[in-house]
Each structure stands twice: as structure tokens, then as C-alpha cells.
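**Q** Take a look at this one; I'll ask things after.
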Amino acid sequence: MTPRRPYALAAAALALSAATTSPLMAQGVRGEISIRGSSLELRPLVRDSLPESSVSGQGIRRVLPDGTRTTCTPDLFCQWFASSSPEMFSVVTQEIRATGWGFVPRLSTHVHLRGRYGSDEFWPLTNQEFEAVAAYVNWEHPTLRARGGRITRTDGLGYYNFDGASVLWRGLAPMWVELYGGWSLARGLNAPRTGNLLQQADDLPPDERGLIFGGQLGVKLSPRVSGTVMYQRQIRSDRLALYSERASLDLHAAVGRASLGFSSEYDWANDEFNEIKLRASTPLPGGFDVSATARHYSPFFELWTIWGAFSPTGFDEGLLSVGWSNTPAGIRLEAGGGYRDYEDTGITASGLRENGWRAFTGFRWQGEGWFANGSYAADVGFGAARFGGDLSAGRTFGEGTFLSVRGSRTQTFGELRFNEQYVSGLGVDGALTVGEATLTAGASVNRLDGRERPADADWTQTRVYAGLSMRFGTEPSVRHGSRGP
Amino acid sequence: MRRRGSAAALAFLALLAATGVLLPLAGADRFSHTEHEGLFPSCLGCHLGIPEDAEEEYYSVTTEDCAACHDGDKAELVDWDEPLRRATNVSFSHSGHANDVAAEAAADEEAGEEAGEEEGPLSCGSCHQTVSGQEFMDVAAAEPAGCIGCHAHQAPEHLETNEVCTDCHVSLSAAARLPAERISDFPEPADHEDEAFLPEHGDGLAPEDLADNCAVCHARESCTRCHLNVDQIDAASVLSADFRVAGLLADSAGEWPEPASHLQADYEFEHAAALDSLATCANCHAAESCTACHQGPRSEFLAQLPARSPGGPSGIDLAGARPPGHTPAFVTEHRAAASTSEASCSTCHFEAECADCHSRQTADIGAPSDSRGFHPGNFVLRHGAEAFTVQSTCSDCHSAEAFCRDCHDRSGLAQGGAAGAVGAYHDAQSDWLIRHGSAARLGMEACASCHQQTSCLRCHSAKFGLRVNPHGPGFDPQRVADRSLVSCASCHFSTDLEGI
């Protein structure tokens, strides 16, 4: 798709949406329009150095008097990385989400468009000034649902979108079947793989658009037991190769008040389960609830990259968490932990961790007009670790209106380097809701205290954000309130 | 028995009346009956209206009458005035009581029974003369003992469940002079404190029950405090609105105990089966209870439930209520539920809501997760550990190439970094190149968030360079080649790719 195509698609969708929402009986539109802006200060790393002869010590690795670790090249320099002067940049995002219905019975249109502007290209994707997340026509019948346009999907393979059509048939109750196909989009980009985003970001970008075809079979044995199995294939448009071939199986059951979930993703090309997860949760007497998770994870890469050929490995993990809620008092407490075992990479004597663990605890309290949240987590694994917590407290002034302060402090370790550092932050956040409009704003100051870095370096950074969103229109028979904070 | 019960109640009321109605609450000088012994031949000289229940003549004597003696010469001056009468909801009537006693005596006489001493015509002293008093004017407010002397009180205690309140009391609407403070001090019957009372208090409640009992203490506002459907409750129609009760309940939230049926394990899934009794649901639920979970047109059900009205009861507030399994962790653990329930999610959620987390990416950078972001505040500066531990998969929402790598480049962490900073991430690790293999296999996504594919091909291509084989022990080249020879061609000299 050329860059003009999204505009054309969006224009067509808007036109259709407008056409279906002219003020006739039983027509309507419901949506939200928003504008949000963020201003961030970041401090890029810069290389600094001293002549090797001026740094005391021997060998390649030496330490300056202030603790800065350096890498020395004999007879040349000892170098390290320090913070440069702050770079401030801004990102403004405009979005419109709307659903219109009523021109033709059972027909509705859905659009989700996004415009983006960045003061420079520091923050990712700000050079993508317009994107259509979704823009499709939906025809709904008790036994059949058909969609066409830019369609978003949420299924066993995650959340993604594509340009094409899908047909869902419910005529085999309690089973349903869905088939879909069209032009695929790069995940997370709302743009084709051959769009400028990937072309600019990668030295070996895909050179052909992708086609996507898939099918899903679902069954709902009862309100408490359901499952789906799906298969999906993404093909280069020149049909020379696949971009991916994947399948998923998901099951969900409610036994009493307990909830059981099983999900899995399988990569046909690498004969690898990217995800196998079994999770059970149940409330217990006395306001307690418990959940247990067993998980296998291995990363998935599309076949246009070479990453999958490097035989990436994953891990097996077990998690257990316990919660306690006292609804009248508005209190929620949680604690849990887990253990992770990394798969053998086939490379001996790596010196890396072979297992990991995590522990966490947290609380939420919502009283008469006041609230407070806090959490602490320790996460130790291959590559990095962190220990830290967040605390926030504030006052509410009706639904969707609040003022709060927050603070956080986290100690992070980088096993593969960027060393140990403390990240601290203080911020204030607020929201004001008047009718269907909500104004949000906040600011924070963040500080990095890194060991093995120059002691006099200033790593302080600021963040400011503000947003205004407004819902409009009504549901055909239901008018519901905001689900905001 | 019934008549005896009534008589007992009347006697009890007489006691209350004597202490409540006639007892002066305020005044300057109080009149002492005993000090005036022998001066007055009859009670009616001063209380002319009592036999006729003529309230204005309860005190037929005046200050001037007192001054006939208390003129300062014959007797000292007094400052006496008619005492204030205490408002009451007791339904005692002197004349009625007297008539009842007389009628009972006549009936007994007609039946040939001799009237007992205690059943003879009553004098004022029958109830008001003190127990120890020997003189005519040794009187006081009626005591319970005086009542029970004639009436065998059947109720073991006041507020007994099976008693009929209106035997002794009038309804609130009839006790118009009763101040709100007195109403708020009404004692609560013991059965009202029972846990089962609230959920069951309407079971079999007929309008006459409400009028005979509930109406003595309650007004319509007592119902509308909780019941959204009070207009549809027949029994509630006998209660009238009362501004005193309205004031007392103004700041009192409704109470909606959860019925036993709601606690059954599968209630959330099976409650649709109870929809033929929506009238019962409406006792506690407004239409908004349904729309808290069920979005979309379900007007045939919603129309049967009352809507919330300004100033009216809210009913059960289910806003934010969650189905089973929707614990706070569900926000990141909802995949199985979401992908298997073609219709269930949409009963509560719009599909576009998925994009709030899955496709936002740049909005509200720095905002905490409860301000419509997904990640906690400060996340940009501390996301490294979470990226490695993959509690949630970054690539589900972000492109490693176009999102992560872009920022890592510009911040100087990655190989293609800003001027003066190249690959700062692996600094001070002079042997990193030698030992990176295991880290790469364990954290390939992290590698891809900084490195170009061409960075690896310098050494791992079969076409040039060091030609280091990157494939692990489980790699199946034929399986990959069957699906993408183009991928193989990135590192290997390709065969004829046409016609595949």
C-alpha cells in the first residue's frame, strides 16, 4: 500500500460513517475524540574519554576515582559513557473512534483514526503522521457477521489488524466458524511491512507486502466452557515464501467461581510453541482469591527476519499469587511470586543466570473520596533485574475527576550491562470530567542515579502530559457512563 | 383472648398517656396535688375535658382561678400556667377507655356475672392514685402496675413481634406533632436486627400488615431509601410521605443485602434464568445494574427495571463489577477468556477498547497506568528488566524494529546511536563479543530491539565473513526452507527461488 492508501481508506470509511449516520430514525453514532500531548526530556548517552596514560591502573578495565568504569585501549584512550545535555521533545496525538449505525439494518461502521505529530523524530513512530487503526463496515446477523475494511482482530494470536474481510458464521451453534483474509499489516505499526516505517528501521526490510489468511473454529459448550482453535498463514504477495505460519489453541472454563484458562501459540516454521499457559484463579472464603499460572514462553519471529534461525530459547515459569479484598472497606491486598527456568541454549559456560524469580506485593485502597495504591516487585532474571516500588495517593471528586501524587523508586541491574542504577520519580496527576469530556494532565520529575557512571552527571529528566477526550453520541438503547479512573 | 389483649394494651396506653400527655414538661410553679388535699372535691373541677377527650379542656382551671387564693394575702402568689403537653403517638383515649370498661361491665352484668371490684366503673384514682396514697388527691401519672392491676398484659415485652402495633399506637402520619427527634429515638424491634430481616422483610407482607405495624414507625421514604420500584409494591402504597422521616434518612444510604441466590457458584452465568422475576430484581436493581455489564440493545429487559432518578435510590451499584476471574491481574491475563468468547467480551466492552492498551504507543507518555496508559509512570527509564523477563510480551504491541530500536538508537544505547555514543549498552565488557551467544539465544527479542540483522550477518552469514553457524541444536533447516527459502537466502547462496 502506498502512503496515500490509508488516507483514501480513512476518507472512504468516514464518508460511509457519515452516510450511515444522517439524522434518520434509529440512526446514531457513538465515539470519542481525543487529543493528547506529551513533552519528554531525555538525556542521550555520549562517549567520553581520557588518555589511557592519565588513568591509573592496569588492563582494559579500569575505574576512575569517582567510580566510573572505563574500557581502555592501550596507548590510546580510556572511554566511558556519560549523559549529554537534555533533549526535550513533544508528541501530540489526535484520535477519533466512532461507531455509526442505522442506515441499513444490521449495518454499522467503525473507525479508529490517529494523527500524530512529533517535534522531532526522537520518539518512535512520530514520523508516521497518520494511521488508521481500524476502519471497517460490520454487518451483523444472528447467525452471520461480515466485516470489510481495515479490521482489528483479537484472537489466540494476539491483537492485530489487516486490510480485508472476515466472515463469522454462528449457524452451527454451539460452534462458530470464522474465516478471514486480506492484506496483512506489520504488527504494532498499523502499516504494511513495505511501508516506510520498517524500510527505514531495518537494513533488510521485507520487500513484498503480505497476504493473510486464517480460520478459527470456536465452541461454546455452555456459558462456562468455551474454546477456539485457529490457523493463520501470512504469505508474501509474490507467493515466494511465507512470512509466518502459526496456530493457536485456547480454552476457558469456569468451574463454580473458579476460572481456568489455557492458551497456546505454535510456530509451524520452527516447530516451536511460543506460548503455553495454564492459569487457574478462584475466590476463596473470607475475601481471599488465589491464582496459579504455569507458562512456557519462547519468542516468535516472522520469517522475513533471520532471528528465528538463531534458535532463540525461552523459559518455563510458575507463578502463584494471593489476593484479599474487602469491598466495603475498599481494600485490596496482593502478594505473590514465581520461579523461572531458562531453557538450555546449547552454549556451555555462558556465565549467565539459568533461572530467575520474582516476588511482588501491592495494595489498593479506595475510601470516601480518597484512594491510595502501592506496589513493590522484585524481578530477577536473565539479562536484568529490578527491585522497586510505586506509591500513589489522591482524592477523587466524583467519577472521572481526581488529583493524585505518585512516587517510585526502582533499582535495576543489567546483566548484559548498562550497569546498576536507581530510577526515582515524583509526579502529580489529575483528571477532570465534565459530562462526556475528560481532561487529564500530569507532570513528573525522574532521576537516575547510576553506579559506575560519572558522579557529577545530571540524569534528571522531566515529563509533562495533558489530554482532552470527549465522548459523543449515544448507544441505541443504552447510555452508559465513563469507565475512566 | 383477643379482647383481653386489647384491654391490656389499652391499660398500658393509659399508663403512657398519663405519663406522656398529662405530665407537664415545663412551667414555672408546679401544682402539687397532695398539698391541696381537701380543697377540691372533684378532679373535673380542674380537668373538665378529660372525660370527653376535649384536649383544650384538659386543664380547665386558669391562672386567675389560682389567684383566688394565691393573692399574696391568703396565700403566696404563684406563677402557674397550663403545662405543655408532650406529643405522642400513643392512641389512648380517656373516654374510649371508660366506655370500654363500662361496656364490658354491662356485658358481664347481662350475662349474669357479678362485676368484680376491679371491673366496676372507674374513677380517676383507679389509675392515677398512687399505690401508697391514702388521700383523694394523692395522685400521679398512671403507673404500669395500675394498668396491669386490671389488664393482664399479654405481650412479654414491648415491640414483641406478634403484637399489633396499632393496638396502642397511631401511624406516623397521624402523629403529626411528634418531632423528628422523637421518631429517631424510636426503639428498634429485636427482630429488625436479625440478618435475615432485611432480605426477607417483604415476604408475604400485605398492605394491612404494613398499616398495622410498619406505619407506626415508617413512612414512604423508609421504602424509597432502598427500593427503586416502590411504586410497584402494593403494600408500600399504604405508607405516606413524611417530611420528618425524609429528613432523618436524607444522608442514609440504602442497604441491599446480597440474597442467598446470588451467592450460588454459578449465579453470574445463570442469572438470566431468573429474568422472569424481574419485579423482584427491581427491589434492589436499576436498569443501570444491567448496563454495568451488558452493553447493547436489550430493551425488553431494561424496560422492566426502573431507571435511577435524581434524589432517588441508586440501587445496587454494579459499576465496575467484574465477572468471576476478572481479578486485577486479568488486565494482563485475559487472553484465554478473550479469545474463546466470541460474544461474551462484547457484552461489556467495545472492541475499540482493546486499542487503549494494545495500540496506543505514544499517548500520555509518562502518565501512570491508571490515567489511561498501560505501563506505570516512569516506565521509559526502567523498562529494561521487564523487557527481559517478558511478563508481558513487548512485541504483542510494539515493533522491535520500528519502535524499540529507533529510540535505543537515538539514546546512544544501540549500535546505530547518536553522534558520539555507539553501543553504550554493552560498555565495559571487553569480552562481550566472545560470550554473547548464550545471551542472544536467551534474549533474542532484546537483541532485535537494538541490532540490525546485518550486524549479525557480519559473522553469521554463510556467504561471507567468519561464517559462524548460528543455528542451535534443534534447528530444522528443511522445515524453515519449506516455508521460506527467502529467509534462508539472507545468509545462504540461494537456489532457484522462482516457482516455489
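Where a number appears in this text, it was derived from the coordinates with a stated rule and is not lab data. It should be emphasised that the depicted structure is a prediction, and the values quoted were computed from it without experimental measurement. Don't worry about glycine lacking a Cβ; one is built from the backbone with ideal geometry, like all the others, and counts go over all protein chains shown.
**Q** Quick one: check the C-alpha center-to-center distance for the range A:154-205 versus the range A:456-473, whole angstrom.
**A** 31 Å
**Q** Something else now. Per residue and in Å³, how big is the convex hull formed by the alpha-carbon atoms of the range A:340-472? Please list the in-between numbers first.
**A** Values: hull volume 19.2 nm³, N = 133.
Normalising the Cα hull of the range A:340-472 by residue number yields 144 Å³.
**Q** Continuing with this model, one more query. In the range A:241-339, if every C-alpha pair distance is counted and binned at 10 Å from zero, what percent goes to each bin?
**A** Each 10 Å bin holds this share of Cα pairs: 14, 33, 26, 17, 9, 1.
**Q** Between rounded, prolate and oblate, where does the range A:111-172 land on the alpha carbon gyration tensor, with a ≥ b ≥ c its root eigenvalues, rounded for a/c under 1.5, else prolate if a/b exceeds b/c? Display every interim value, and only then the final one.
**A** Working: a/c = 4.68, a/b = 2.64, b/c = 1.77.
It comes out prolate by the Cα gyration axes.
**Q** For the range A:248-264, in order, what is each residue's ³J(HN,Hα) by Karplus, 6.51 cos²θ - 1.76 cosθ + 1.60 with θ = phi - 60°, in whole Hz (x at glycine and Pro)?
**A** My calculation for the range A:248-264 gives 8, 9, 10, 9, 9, 9, 10, 10, x, 9, 7, 10, 10, x, 10, 9, 8 Hz in order.
**Q** Could you pull out every residue, at least 5 positions away or on a different chain, whose amide H is within less than 5 Å of the one on A:Val225? Hs are placed 1.01 Å off N in the peptide plane, and Pro or chain starts have none.
**A** So A:Val225 has HN proximity to A:Ala254.
**Q** Sticking with this one: Which whole-number percent of Cα pairs in the range A:287-361 have a distance greater than 21 Å?
**A** Numbers: 1378 of 2775 pairs.
Of all Cα-Cα distances in the range A:287-361, 50 percent exceed 21 Å.
**Q** Between the helical axis of A:4-19 and the dominant principal axis of chain A, each derived from Cα atoms, what acute angle in degrees is found, rounded to the nearest 10?
**A** It works out to around 40 degrees.
**Q** Find how much the distance from B:Lys74 to B:Trp432 grows on full extension, using 0.36 nm per residue of separation minus their present alpha carbon separation; answer in nm with one decimal. The partial results should precede the final answer.
**A** On the way: separation 358, 0.36 × 358 = 128.88 nm, distance 12.29 nm.
116.6 nm is the gain from fully extending B:Lys74 to B:Trp432.
**Q** Here's a follow-up. Quickly work out the A:Leu333-to-A:Val167 label distance, labels modelled 7 Å from Cα along the C-beta direction, and quote it in nm with one decimal.
**A** Result for the modelled spin labels: 5.7 nm.
**Q** Could you check the spin-label model distance between A:Leu50 and B:Ser32? Points 7 Å from the Cα along Cα→Cβ, value in nm.
**A** Result for the modelled spin labels: 10.7 nm.
**Q** Which lysines have a Cα less than 30 Å from the Cα of A:Lys277, not counting those fewer than 8 places away in the same chain?
**A** A:Lys220
**Q** Turning to a different aspect of this structure: Scan the range A:54-156 for GluC sites (Glu not before Pro) in coil per DSSP, keeping those whose Cβ has at most 12 other Cβ atoms within 10 Å, and list them by number.
**A** A:Glu129
**Q** Further, regarding this structure: What are the extents of the Cα atoms of chain A along their three principal axes, in Å, largest first?
**A** Ordered largest first, chain A gives principal extents of 82, 63, 50 Å.
**Q** Given R₀ = 56 Å, what would the calculated FRET efficiency be for B:Asp138 paired with A:Glu368, taking r from the Cβ atoms and rounding to 0.05?
**A** Details: r = 59 Å, r/R0 = 1.05.
Step by step, r from the Cβ atoms, then E = 0.45.
**Q** Taking amide H positions as placed in the peptide plane 1.01 Å from N, state which residues far from B:Asp242 in sequence (5 or more) or on other chains have amide H under 5 Å from it.
**A** Result for B:Asp242 returns B:Arg220, B:Glu221.
**Q** Apply the Karplus curve 6.51 cos²θ - 1.76 cosθ + 1.60, θ = phi - 60°, to the phi angles in the range A:224-233 and return the couplings in whole Hz, x for Gly and Pro.
**A** Working through the residues one at a time gives 10, 10, 8, x, 9, 10, 9, 10, 9, 9 Hz.
**Q** When the Karplus curve 6.51 cos²θ - 1.76 cosθ + 1.60 is applied with θ = phi - 60°, which whole-Hz ³J(HN,Hα) does each residue of the range B:94-111 get, with x for Gly and Pro?
**A** For the range B:94-111, the Karplus-derived couplings read 4, 5, x, 4, 5, 5, 4, 5, 5, 5, 5, 5, 5, 5, 4, 5, 5, 7 Hz, x marking Gly and Pro.
**Q** Alpha carbons only, please: Rg and Dmax for the range A:143-198, in angstrom.
**A** 13.2, 44
**Q** Continuing with this model, one more query. Kindly state, to the nearest 0.05, the FRET efficiency for B:Glu255 paired with A:Asp75, given R0 = 56 Å and r defined as their beta-carbon distance.
**A** 0.10
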